[in-house]
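Here is the structure we will look at, set down as structure tokens.
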Amino acid sequence: MVVTGNRTTLQEHLTSGLGESGQTGGLGAVVLAIADGSILVQQQVRQAALADALGTTGETNVQNEIVQRLDKASSDIFVETLSASGQVAAIGCEEIERPVIVAGDVGDGFIVLMDPLDGSSNIDVAVSIGSIFGIWQKRPDETVNDDSLLRPGHEQVAAAYVVYGSSTVLVLATKNNVFGFTLDSDSGDFALTHPDIKIPVECPYYSTNEGNNKVLDEPTQKAIAQLRSKYSLRYVGSLVADFHRNLLKGGIFAYPADQGRKDGRLRLMYEANPLGYVAEQAGGAASTGYERIMDIVPAQLHQRTPLILGNKDVVEETVAVIQAG
Ligand code: FDP
């Protein structure tokens with residue numbers, strides 16, 4: 001049954017509604033490549049157990065983490081759809097050590113940094129996972145090389161993520177605009193279901209790995225204790241799923257630095273920058289605890305960062321406790 005009805009499709013939205021972004025068709029082609037790739041990925045995610053495609057590849061990635069077979073499949077799918085869009089000059093991927101420089105002239109095209117399948121530990125157990133994308137415009141007349149990808153988050157022109165949950169939802173952020181589209185699996189269209197998303201002022205939830213409390217420094221323990229005393233805990237353990245809930249319902253996500261991980265656990269370029277951009281365009285905030293995520297000038301493609309992300313007021317309160325020492 002096709003339930004899309006007369007809702008605006010993603011394609012229609014991209015044709016008419018890029019609004020304040022100042023972007024036109026080029027960005028639309030990149031977003032459609034993400035949407036096309038995500039439809040293939042969600043099919044694989046839903047059928048993986050049946051197709052005997054779960055489990056690991058037996059390899060470790062550049063972060064020294066075990067590669068799941070679906071991580072590899074998703075990475076291959078998005079590299080292919082983005083490269084074929086004709087608008088992407090380079091792709092940085094959590095699963096690939098060096099950037100993929102796409103052959104051919106893309107004019108003023110785009111650079112995309114992605115986590116093709118976020119939430120690896122939840123892949124095999126039917127829990128929500130997702131894909132995350134940060135999108136930068138290539139500098140005019142630039143010949144793209146590895147260093148072209150090392151741009152701060154505030155230079156993103158758009159960011160997107162897809163959640164593969166009880167439904168498949170694609171969220172697209174451009175300047176001051178965040179829209180959510182749900183996949184109608186019968187028609188194959190993403191249809192607008194969440195227009196003009198703003199993080200609710202109320203913040204019912206905090207999301208953090210409470211098991212790490214013992215390895216946090218004292219100021220960070222105080223900050224987490226403050227969250228614990230005021231809000232309800234919700235932690236899926238897939239960043240994209242935790243963020244999506246907090247974006248729609250109000251909430252804060254925290255993966256701070258700890259004694260063993262001075263640089264935090266999450267990746268600046270594939271996770272913190274894109275979701276920080278989405279949060280900011282929806283009225284929220286993203287911080288390391290000491291610095292706005294969007295202001296970090298990256299030194300390395302795969303660098304990690306502490307991340308405190310969500311309702312602006314609560315991010316500010318949390319950061320204030322950390323900084324008070
Ligand atoms: P995962 O390793 O399962 O891919 O990207 C890293 C990430 O998941 C996030 O999605 C998630 O928020 C976090 O790690 C979970 O880490 P912990 O297991 O340490 O809580």
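Every read-out reported here was derived from the displayed coordinates using simple, explicitly stated rules and does not represent laboratory data. Predicted, not measured: the structure shown is a model, and the values here were computed from it. Cβ sites come from the backbone with ideal geometry, for glycine too, and all protein chains shown count toward neighbours.
List of remarks:
- Between 0 and 90°, nearest 10: helix 218-230 axis offset from the chain longest Cα axis: 80 degrees
- Relative exposure of 206, 235, judged by other C-beta atoms within 10 Å (fewest first): 235, 206
- Hypothetical label at residue 166: residues of segment 229-249 whose amide nitrogen lies under 20 Å (7 Å Cα-Cβ projection): 232-249
- Between 0 and 90°, nearest 10: helix 69-84 axis offset from the chain longest Cα axis: 50 degrees
- Peptides 158-171, 178-191 ranked from most to least packed give 158-171, 178-191, packing being the mean of other C-beta atoms within 10 angstrom over each peptide's residues.
- Bridgeable lysines around residue 249 (alpha carbons under 23 Å apart, same-chain partners fewer than 8 residues away excluded): 175, 198, 230, 312.
- Footprinting exposure proxy ranking of 294, 114, 269, fewest other C-beta atoms within 10 angstrom first, gives 294, 269, 114.
- Sequence of 205, 231 once ranked by neighbouring C-beta atoms within 10 Å, starting from the fewest: 231, 205
- For residue 214, the aspartates and glutamates whose Cα falls under 12 Å of its own Cα, not counting residues fewer than eight places away in the same chain, are 258.
- Judged by the mean number of other Cβ atoms found within 10 Å, the most tightly packed of the peptides 315-322, 276-283 leads the ranking 276-283, 315-322.
- Taking the Cα centre of the chain as reference, the dipole from Cβ charges on Lys and Arg (+1) and Asp and Glu (-1) amounts to some 840 debye.
- Computed helical MRE - 222 nm, the chain, DSSP H runs ≥ 4 contributing -39500 (n - 2.57), nearest 500: -9000 deg cm²/dmol
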